[in-house]
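The values are calculated or read from the model by the stated rules, or taken from the named source; none is laboratory data. As the structure is a prediction and not an experimental result, all values here were calculated from the model. Cβ sites come from the backbone with ideal geometry, for glycine too, and all protein chains shown count toward neighbours.
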Amino acid sequence: MILDFNTAAIVAIACWATGSLLHLFALRTPALKLPAVVMTLGGSAVMAGFIAIYWSALGRPPLRTLGETRLWYAALIPLVGFLVESRWEIRWLKYYCMALAAFFLGINMLHPDVFDKTLMPALQSPWFIPHVVVYLVGYVLLAASSLTALHNVYLELRSKKNENGASVSHYLALLGFVFLTFGLIFGALWAKEAWGHYWTWDPKETWAFLSWLAYLGYLHAFRYKIENRKLQWYLALAFVVLLVCWFGVNYLPSAQNSVHTYQQS
Amino acid sequence: MVVVRRRWFQAPWDFKESILFAAVALIAGFAIQYAASGSGITLPRLPFNAIALTLFAVMTLGAGLAFRNNPLVKWLGGIPLGLCLIFAIAVLSLVGGIVPQEAAAAGSLSAQFGLNQIFSSWPFALSVLLFLGNLGLSLSWRLIPFKVQNLQFILFHAGFWIALSCAIFGSSDLQRLIVPIEIGKANNFGYTMQSDTPQPLPFSIFLHDFSLEEYPPQLLLYDPHSDKLLMNRAQAIIEVQKGTTATWKGIEVLVLDYIPYATPGTDGVPVAADRSTGVPYAKVRITTAAAPREVWISTGGPKIKPDAADLGNLYLIMVPGTPKSFRSAVTVQDGKGNDTMANLEVNKPVSFMGWKLYQMGYDEKAGRWSKLSLVEVIHDPWLPAVYLGFFMIMAGNILFFWNGIKRSKVAS
Ligand code: HEM
């Protein structure tokens, strides 16, 4: 990349690392709480700033390649950690979120993206940004939901006390489902404008539908009062389907002629 | 945990029976598919599909309301069966998401069971039909008596019911035709993806002009021995402009001059030309271990051969940029005196008498010199109904989001 991605990434990771340490110390010394929060949010702010600069340098939204979408995840995931902390008083999630964000940036450092300003005509649409961003937010929420569910499973196996873990994974899944649904429908409305039909069972569409079904199944199982233990397992594993949809699709035999696999670079 | 196990088919029915039911539906679907030797389903067209769908809806709602306390009907419209059918549809979609959905060798396992066109296969149709029945029953109980607190449920479930049923029952009325048109000519025939037989259209399309705009050309370093393009230091696609620089290991390139449209000149210096005849030329200074030198390179075009810079065992080449946009200026006319002039462009379809016209493609070999435009024309009378379903789901979604946010406050 022409802009110095590595510097931005290292600064962001350093922010998250110091922030995490400060958070740990803040358990003893409450005065450190504020700097801890500032540091961790600072990491996301650095990434947000980088995305803004990168966007203007590219002259198009950086949402085309997998590497570009990882920038957004890195900026957004820590924020969900904070949302969960402020809403449900669950403190551990943010550490995972920051680690995950650092992991995404690490992948991008190892596989630098190609700086490419071009955007094929089909992607030049007012739908491009809402469609992709809504999906990004959905994935971020569902990733956090799965993490929480995994943690719940772990606590359950160790027979530890777990107060509102289940409701956190539930609400994150619920909000994630809302975003997935919007993403799916925006995608269909856009496809009608760009390709002529709202649904063609393209592999990416099929997998998006599958992941949507997975969470639809969860919501109904929840309504039917299935045992909580099973639901947490379900939520923890449901993310695998999302992962396939997000980047696994590129490697499936069915996707060789898909119209919207991410550009490999 | 001690659970008194309910025996098979002991009331009230629950998951066990639902799993069995969904499994039988799948197996039956595949059996029919096999018996029909792999051929899919042909749906009736308007008005018969609309009548069939209305009857189905009325029967489902009627059965739900007339037998709302019947245990069998309750089970048929219940969540356990719904979940199992969702799972059945997910399994079929999984097949469709893995097995390539394209023509398979006749007689192959995939073709006999319809795995290569799972979304128009019997098992899929059967599962969707049962799913719609199940969804319709659950809906009937929430629709009547109507309560405001059921609004979210109704929007989601009725929206999905409408979108899914109309998309599927209406698929037989969907017409998608590709119309190839040459500049200065009109065409009133289109081709489907599946056949070479031209289909008459109720209108004709005249192509005034086709134009294609490209991104700037790119500089690349080509290694003929490995047939590979070498990535430069900055990991960037290098767009050619005056002043562009690029660096590879031991090689530095500076673009001294750039002419977007030019033809070869007598003394090796290209002369600017107009868009229709010229091709991009760039004068580059190449600095290697040897002395720097300056050369003109070009992408070439239909009548002009490309010029590359020979760097010993590597070549510096310039390739045309990828398409940025392309459009067709057309006049559409039906025999009844309706006509429209329009610019068709990707993502900007144009409507004409219930049809939508899309810029689809062009002669890619000829690139921006293409004299041919491919226009796709689509007629989908069921679209408004499907969109109604979409908007209901989105409305339900907004309520759901709102309630999710609200309720989460209570939980904290
Ligand atoms: C297969 C047939 C289906 C059945 C039998 C069914 C049944 C139900 C029932 C009984 C509820 C509980 C409603 C309440 O307590 O107010 C529910 C909730 C819900 N359903 Fe369905 N449903 C089906 C399919 C769908 C589909 C296709 C969608 C998606 C568009 C959907 C979306 C929802 C949502 C979002 C909720 C709310 C969940 C919650 O409040 O936690 N359902 N469904």
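Here are the numbers for the structure shown:
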item	result
Scope segment B:168-177; condition at the interface with chain A (Cβ under 10 Å from one of its Cβ atoms) and either over 10 Å from residue B:382 (Cβ atoms) or within 13 Å of the ligand (Cβ to nearest atom) (or both); matching residues	B:176
From the options B:94, B:65, B:72, B:61, residue that is surrounded by fewer than 18 Cβ atoms within 10 Å (Cβ to Cβ), more than 11 Å from the ligand (Cβ to nearest atom) and closer than 18 Å to residue B:27 by Cβ	B:94
Residue within segment B:278-288 that is part of a loop (DSSP other than H, G, I, E, B) and surrounded by fewer than 15 Cβ atoms within 10 Å (Cβ to Cβ) present	no
The listed residue being surrounded by 18 or more Cβ atoms within 10 Å (Cβ to Cβ) and in a loop (DSSP other than H, G, I, E, B), out of B:216, B:145	B:216
Residue under evaluation residue B:7, criteria (1) closer than 20 Å to residue B:136 by Cβ; (2) modelled with pLDDT under 90; (3) of a type in the set (Lys, Arg), criterion not met	(1)
Checking residue A:168 against (1) crowded, with 21+ Cβ neighbours inside 10 Å; (2) over 29 Å from residue B:347 (Cβ atoms); (3) over 18 Å from the mean Cα position of the chain (by Cα); (4) modelled with pLDDT under 90, the condition it does not meet	(3)
All helices (runs of 4 or more DSSP H) inside segment A:84-199 with 1 or more residues being away from chain B (no Cβ under 14 Å) and more than 30 Å from residue B:391 (Cβ to Cβ)	A:93-110, A:128-157
Residues satisfying the stated conditions in segment A:57-94, i.e. among the polar types (S, T, N, Q) and closer than 26 Å to residue A:123 by Cβ	A:65, A:69
Segment A:225-252, residues that are modelled with pLDDT of 90 or more and either within 14 Å of the ligand (Cβ to nearest atom) or of a type in the set (Phe, Trp, Tyr) (or both)	A:231, A:233, A:234, A:235
Criterion (more than 12 Å from the ligand (Cβ to nearest atom), under 23 Å from the mean Cα position of the chain (by Cα) and part of a helix (DSSP H, G or I)) met by exactly one of B:118, B:89	B:118
Filter pass, residue A:114 being on the phi < 0 side of the Ramachandran plot, assigned by TED's automatic domain parsing to the domain that holds residue A:252 and touching a residue at least 40 places away in the same chain (Cβ under 8 Å)	no
Failed item in (1) away from chain B (no Cβ under 14 Å); (2) touching a residue at least 60 places away in the same chain (Cβ under 8 Å); (3) not β-branched (Val, Ile, Thr), with residue A:6 passing the rest	(1)
Positions within segment B:167-192 being among the hydroxyl-bearing types (Ser, Thr, Tyr) and not in a loop (DSSP other than H, G, I, E, B), in sequence order	B:171, B:172, B:191
Segment A:201-225 residues that are without any contact (Cβ under 8 Å) to a residue 40 or more places away in the chain and assigned by TED's automatic domain parsing to the domain that holds residue A:247, paired with ones that are away from the ligand (no atom under 14 Å from the Cβ) and of a type in the set (A, V, I, L, M) (beta carbon under 7 Å, 6 or more apart)	A:210/A:241; A:210/B:94; A:211/A:241; A:211/A:242; A:214/A:238; A:214/A:241
Filter result for residue B:80 (under 20 Å from residue B:10 (Cα atoms), in contact (Cβ under 8 Å) with a residue 24 or more places away in the chain and away from the ligand (no atom under 15 Å from the Cβ))	no
Qualifying residues in segment B:97-116 (those that are among the small types (Gly, Ala, Ser) and buried (at least 22 other Cβ atoms within 10 Å of the Cβ)) - the one nearest to the other protein chains (Cβ to nearest Cβ)	B:97
Hits in segment A:213-229 - residues which are within 12 Å of another protein chain (Cβ to nearest Cβ), surrounded by fewer than 22 Cβ atoms within 10 Å (Cβ to Cβ) and assigned to a helix (DSSP H, G or I)	A:213, A:216, A:217, A:219, A:220, A:221, A:222, A:223, A:229
In segment B:133-156, the residues that are within 14 Å of residue B:58 (Cα to Cα), within 35 Å of the chain's Cα centre (by Cα) and within 10 Å of the ligand (Cβ to nearest atom)	B:133, B:134, B:135, B:136, B:137, B:138, B:139
Yes/no for residue A:184 being among the aliphatic types (A, V, I, L, M) and within 16 Å of the ligand (Cβ to nearest atom)	yes
Residue match in segment B:227-242 (condition: surrounded by fewer than 20 Cβ atoms within 10 Å (Cβ to Cβ), among the hydrophobic types (A, V, I, L, M, F, W, C), at negative phi and within 16 Å of the ligand (Cβ to nearest atom))	no
Which listed residue, of B:19, B:89, B:79, is touching a Lys or Arg at 6+ places or on another chain (Cβ under 7 Å) and within 30 Å of residue A:207 (Cβ to Cβ)	B:79
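Here is a yes/no grid of residues against (1) under 30 Å from residue A:176 (Cβ atoms); (2) in contact (Cβ under 8 Å) with a residue 24 or more places away in the chain; (3) away from the ligand (no atom under 16 Å from the Cβ):
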position	(1), (2), (3)
B:333	no, yes, yes
B:359	no, yes, yes
B:366	no, yes, yes
B:386	yes, yes, no
B:396	yes, yes, no
B:400	yes, yes, no
B:404	yes, no, no
